[in-house]
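Beneath this line is the structure, given in structure tokens, with notes to follow.
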Amino acid sequence: AKESGRDAIRFFTAEMNEQVHDRLLLEQALRTALERDEFHLAYQAQVDSASGRCIGVEALLRWQHPELGAVSPARFIPVAEALGLIEPIGEWVLRTACRQARTWQEAGRPLRVAVNVSARQFRNQDFPERVAAVLEETGLPPTLLELELTESMLMGQAERAELMLRRLKQLDITLSLDDFGTGYSSFSYLQRFPIDTLKVDQSFVRAMLTGSRAVSIVAAIVAMAHSLGMRVIAEGVELASQRRQLVELECDEMQGYLYGRPQPAEVLELPG
Ligand code: C2E
Ligand code: CA
Ligand code: CA
Ligand code: CA
């Protein structure tokens, strides 16, 4: 028993070493990713439920490293946050997305571009000025920019968050709440914060297929949002049956593989 115990410890340590090693490699690679131009953006269509037309896109960050290959944002963004690298990366995302949206607009296809904001960016007092500077620099009309925030960023420091949101709204951009329903949803902040759009998390859209409770939850989110003057986007729409249900529930916009996968701008095909 003693022998196998020691083996177990040795095994565990080797695995831990490997994890630490992987993490260090990832950290090192991430520190130089921006200057080595290893990031690009993929855009995913957001479709108006009534007309079936694409009215916006969400910009999603992609990292292609020469040795590590494609690293998923779910994996590297938390690391970038922890290392304090998310601010320059986030600014690159914002500038690149706004420049692209400006190009589409100039080509006669105005599309709203939605950009994900990290907690760290949102905490920076200068964030609204940074956004204003990027709009100025790229010439993108502010009404074509949407920022996606999450509920957790707004919790805790409600006063500060409210001030921040108001400063952002003064730029005439739109604000959405991402992954809605998965976090610390509170009705009081919905009433108080100037949020334009709720993005129903894909977990609800998935659960709607098998359970009537998820349908009731989505129906309630839509009713509440509409009565507060907000729009609703459903995320992760993969099937025509989900689209039908969501149209019936009066969800305003859809996003998901049914309409298209996230793609680089050069090859993006837009529905409608
Ligand atoms: P998110 O903001 O909730 O983005 C939606 C995720 O769902 C994306 O994953 C997208 O590719 C995926 N998705 C879209 N349609 C479908 C569908 O029909 N089915 C399924 N199963 N998935 C779908 P992705 O691109 O891997 O991004 C993961 C997360 O990484 C994002 O979740 C967001 O939290 C974060 N992220 C991505 N880009 C950025 C960025 O530029 N800045 C920040 N701060 N976070 C980002
Ligand atoms: Ca998002
Ligand atoms: Ca989401
Ligand atoms: Ca998410």
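Structural remarks
- Dipole check for segment 50-134: with +1 at the C-beta of Lys and Arg, -1 at the C-beta of Asp and Glu, and the Cα centre as origin, the magnitude is about 320 Debye.
- Along the chain, counting only GluC sites (Glu not before Pro) with a DSSP assignment other than H, G, I, E or B and at most 16 other Cβ atoms inside a 10 Å radius, the longest segment between sites is 68-237.
- Enclosed volume per residue, in Å³, of the convex hull spanned by Cα atoms of segment 157-229: 85
- For segment 66-114, the solvent-accessible area of protein heavy atoms averages 47 Å² per residue (probe radius 1.4 Å; ligands and nucleic acids excluded).
- Acute angle (nearest 10 degrees) that the helix 86-106 long axis makes with the longest principal axis of the chain, alpha-carbon atoms: 40
- Angle in degrees between helix 212-227 and the longest Cα principal axis of the chain, rounded to the nearest 10: 50
- Among the protein heavy atoms of segment 113-198, carbon and sulfur supply 49% of the accessible surface, probe 1.4 Å, non-protein parts ignored.
- Antiparallel %, DSSP beta bridges [both residues in the chain], to 5: 40
- Alpha-carbon centroid distance for the pair segment 16-39 / segment 96-132, whole angstrom: 26
- Computed log₁₀ I(q)/I(0) - Debye formula, equal Cα scatterers, no solvent, segment 129-259, q 0.18, 0.19 Å⁻¹: -0.98, -1.06
- On the principal axes of its alpha carbon atoms, segment 1-124 extends 72, 35, 31 Å, with the longest extent given first.
- In plain terms, the chain is cut at each of the trypsin sites (Lys or Arg not before Pro) found in a DSSP loop with at most 15 other Cβ atoms within 10 Å, and the longest leftover piece is 54-272.
- Selected from Ala101, Leu268, Val115, residue furthest toward positive end of dipole (the chain; charges at beta carbon): Val115
- Residue-normalised accessible area of segment 181-252, expressed per residue, 1.4 Å probe, Å²: 51
- Equivalent ellipsoid dimensions for the chain as semi-axes, Å, which come from the Cα gyration tensor, largest first: 33, 25, 21
- Principal axis box of segment 121-199, alpha-carbon based, largest edge first, Å: 36, 23, 18
- Residue range of the chain that is longest and free of chymotrypsin sites (Phe, Trp or Tyr not before Pro) which are both DSSP loop and sparsely packed (at most 13 other C-beta within 10 Å): 1-183
The values are calculated or read from the model by the stated rules, or taken from the named source; none is laboratory data. For clarity, every value in this text was computed on a predicted model and none was experimentally measured. Every residue, glycine among them, receives a Cβ derived from its backbone with ideal geometry; neighbour counts consider all protein chains shown. For accessibility, only protein heavy atoms count, side chains too; no ligands or nucleic acids. Shrake-Rupley method; radii C 1.70, N 1.55, O 1.52, S 1.80 Å.
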